[in-house]
Amino acid sequence: MSIQSFIPPQRILMGPGPSDVSPQVLSALSRPTIGHLDPLFVNMMDEVKVLLQYAFQTQNEFTMAVSAPGSAGMEACFVNLITPEDTVVVCRNGVFGARMIENVMRIGAKLIIVDGTWGRAVDPQVLEDTLQQNPQARFVAFVHAETSTGALSDAKTLCDIAKKHDCLTIVDAVTSLAGVELRVDEWGIDAVYSGSQKCLSCVPGISPLSFSEQAAAVITSRKTPVPSWFLDQSLVMGYWSGQSKRSYHHTAPVNSLYALHESLLMLKSEGLENSWARHRLQHKKLATGLDKLGIEFIVPENERLPQLNTVTIPQGVDDIKIRQYLLQEYNLEIGAGLGQFSGEAWRIGLMGYTARSENVALCLAALKEALTI
Ligand SMILES: Cc1ncc(COP(=O)(O)O)c(C=O)c1O
């Protein structure tokens with residue numbers, strides 16, 4: 001077997017993530033690797049923290065990037081905050097709510113599930129009723145933007161309800177960060193994590209994370225050690241919090257952090273509100289075009305994610321054949337349905353650098369053609 005350098009094709013990534021990475025970010029990635037304790041790198045990490053605070057709209061001191069994908073950010077929140085004695089309410093309206101449940105079960109905490117309909121936002125009234133019936137609950141966890149279904153939940157209202165019942169909130173913002181409005185401090189979110197590969201349009205493999213003061217106090221006052229050494233955030237913070245105290249925990253993914261720094265800089269220079277507006281605008285263009293093709297959305301209009309469009313595969317259309325055609329003829333990737341929607345839906349992503357008019361136009365034209373073959 002002759003193994004050669006791997007040269008991937010130039011695809012257009014319109015699936016559920018990763019999204020297209022801009023040439024500017026890819027160029028940052030290829031800059032010379034320096035030591036992860038080099039003073040210049042340490043300065044750059046401080047800037048990453050400030051930029052992440054901007055992206056999350058938080059002043060949280062405990063804001064950093066986990067050196068692993070979004071699932072690690074999720075797990076970091078659960079293993080640091082929750083002990084087997086705690087009662088945790090998890091809202092499940094798709095695959096990623098189910099992944100949160102898996103985390104709670106593995107910790108051995110008491111679990112209460114608020115089950116919702118796939119393709120719909122989490123119902124705030126059901127959460128309210130659940131918390132009234134379970135005054136011992138200490139945490140509420142939910143997914144802001146369910147990538148498996150394309151539904152956006154009202155994070156502000158859900159956090160208000162959780163606070164009223166003295167619960168701390170854990171929010172999955174993997175797909176929502178930079179794509180739709182997210183205000184960590186104003187909405188009272190206590191633990192939030194995201195992913196680099198969605199609306200930040202950075203390379204996959206990094207999970208931005210932020211803890212409120214109250215959440216940080218829960219972690220620092222734990223009586224038992226965090227069951228994961230790598231994800232123990234009190235140890236990791238020794239590396240992320242300030243030059244004088246910076247100490248080795250693990251070798252940071254140096255070049256990936258250059259890329260994250262660059263993608264966050266791009267977000268800052270575009271402006272967060274402008275980024276949210278761009279995702280909405282491109283979604284509207286796509287929705288208008290899909291309507292003309294007779295392709296219907298699964299999620300009701302007021303609960304739709306602009307950055308992840310879940311549509312029903314038209315009757316009699318071969319899911320795999322169409323997606324293969326788009327990939328082979330146009331280098332265009334759209335996402336398959338996941339979980340309950342497997343084989344029944346397509347997930348068309350408009351995330352980050354992908355959310356541009358030329359991609360929407362190409363996707364619509366290519367889909368139209370594919371549907372006639
Ligand atoms: C909402 C949501 N949460 C968590 C994850 C897990 O992130 P990762 O695949 O980077 O581990 C994803 C990934 O698609 C996601 O969409």
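The values are calculated or read from the model by the stated rules, or taken from the named source; none is laboratory data. Here the structure is a predicted model, which is why all the values come from computation and not from measurement. Cβ atoms come from the backbone with ideal geometry, glycine included; neighbour counts cover every protein chain shown.
Just a few scattered comments:
- The number of residues in segment 116-172 being within 15 Å of the ligand (Cβ to nearest atom), hydroxyl-bearing (Ser, Thr, Tyr) and either within 16 Å of residue 88 (Cβ to Cβ) or in a strand (DSSP E or B) (or both) comes to 0.
- Counted residues, segment 209-248 - those being in a loop (DSSP other than H, G, I, E, B) and closer than 22 Å to residue 57 by Cα: 3
- Verdict on residue 40 being away from the ligand (no atom under 16 Å from the Cβ), under 16 Å from residue 252 (Cα atoms) and hydrophobic (A, V, I, L, M, F, W, C): yes
- The listed residues are 53, 10, and the only one of them that is in contact with a strand residue (DSSP E or B) (Cβ under 8 Å, 6 or more places away or on another chain), over 20 Å from residue 139 (Cβ atoms) and either assigned to a helix (DSSP H, G or I) or in contact (Cβ under 8 Å) with a residue 12 or more places away in the chain (or both) turns out to be 53.
- Among the residues listed as 208, 204, the single one being surrounded by fewer than 24 Cβ atoms within 10 Å (Cβ to Cβ) and of a type outside the set (Ser, Thr, Tyr): 204
- From the list 340, 328, the one residue that fits, being in contact (Cβ under 8 Å) with a residue 40 or more places away in the chain, surrounded by fewer than 17 Cβ atoms within 10 Å (Cβ to Cβ) and not in a strand (DSSP E or B), is 340.
- Residues (over 24 Å from residue 26 (Cβ atoms), surrounded by 24 or more Cβ atoms within 10 Å (Cβ to Cβ) and touching a His at 6+ places or on another chain (Cβ under 9 Å)) located in segment 177-188: 182
- Residue in segment 249-268 that is in a helix (DSSP H, G or I) and out of contact with any helix residue (DSSP H, G or I) (no Cβ under 9 Å at 6 or more places or on another chain) present: no
- Every condition in (1) surrounded by 24 or more Cβ atoms within 10 Å (Cβ to Cβ); (2) over 21 Å from residue 51 (Cα atoms) is met by residue 166 except one, and the failing one is (1).
- Among (1) closer than 22 Å to residue 193 by Cα; (2) in contact with a strand residue (DSSP E or B) (Cβ under 7 Å, 6 or more places away or on another chain) - the single one residue 103 does not satisfy: (2)
- Filter pass, residue 52 being modelled with pLDDT of 95 or more and surrounded by fewer than 16 Cβ atoms within 10 Å (Cβ to Cβ): no
Matching residues to (1) of a type outside the set (A, V, I, L, M); (2) at pLDDT below 95; (3) under 27 Å from residue 13 (Cα atoms):
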| position | (1), (2), (3) |
| --- | --- |
| 171 | no, no, yes |
| 176 | yes, no, yes |
| 186 | yes, no, no |
| 203 | no, no, yes |
| 207 | yes, no, yes |
| 213 | yes, no, no |
| 230 | yes, no, no |
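- Top-ranked residue of segment 173-199 - restricted to ones that are small (Gly, Ala, Ser) and over 11 Å from the mean Cα position of the chain (by Cα), ranked as nearest to the ligand (Cβ to nearest atom): 191
- Taking the numbered list (1) crowded, with 18+ Cβ neighbours inside 10 Å; (2) within 30 Å of residue 23 (Cβ to Cβ); (3) over 21 Å from the mean Cα position of the chain (by Cα) in turn, residue 275 passes all entries but (3).
- Taken together, the residues in segment 34-50 that are touching a Phe, Trp or Tyr at 6+ places or on another chain (Cβ under 9 Å) and in a loop (DSSP other than H, G, I, E, B) amount to 4.
- Among the residues making up segment 8-24, a single one is farther than 17 Å from residue 198 by Cβ and surrounded by 10 or more Cβ atoms within 10 Å (Cβ to Cβ): 24.
- Which listed residue is surrounded by fewer than 20 Cβ atoms within 10 Å (Cβ to Cβ), more than 24 Å from residue 186 (Cβ to Cβ), of a type in the set (Ser, Thr, Tyr) and within 12 Å of the ligand (Cβ to nearest atom), from 71, 5, 27: 71
- Any hit, segment 80-95, residues being assigned to a loop (DSSP other than H, G, I, E, B), surrounded by 19 or more Cβ atoms within 10 Å (Cβ to Cβ) and within 15 Å of the ligand (Cβ to nearest atom): yes
- Within segment 286-304, tally of residues that are surrounded by fewer than 17 Cβ atoms within 10 Å (Cβ to Cβ) and aliphatic (A, V, I, L, M): 1
- For segment 51-97, the set of residues classified as over 14 Å from the mean Cα position of the chain (by Cα) and among the charged types (D, E, K, R) consists of 61, 85, 86, 92, listed by residue number.
- Yes/no for residue 103 being under 28 Å from residue 203 (Cβ atoms), away from the ligand (no atom under 16 Å from the Cβ) and of a type in the set (S, T, N, Q): no
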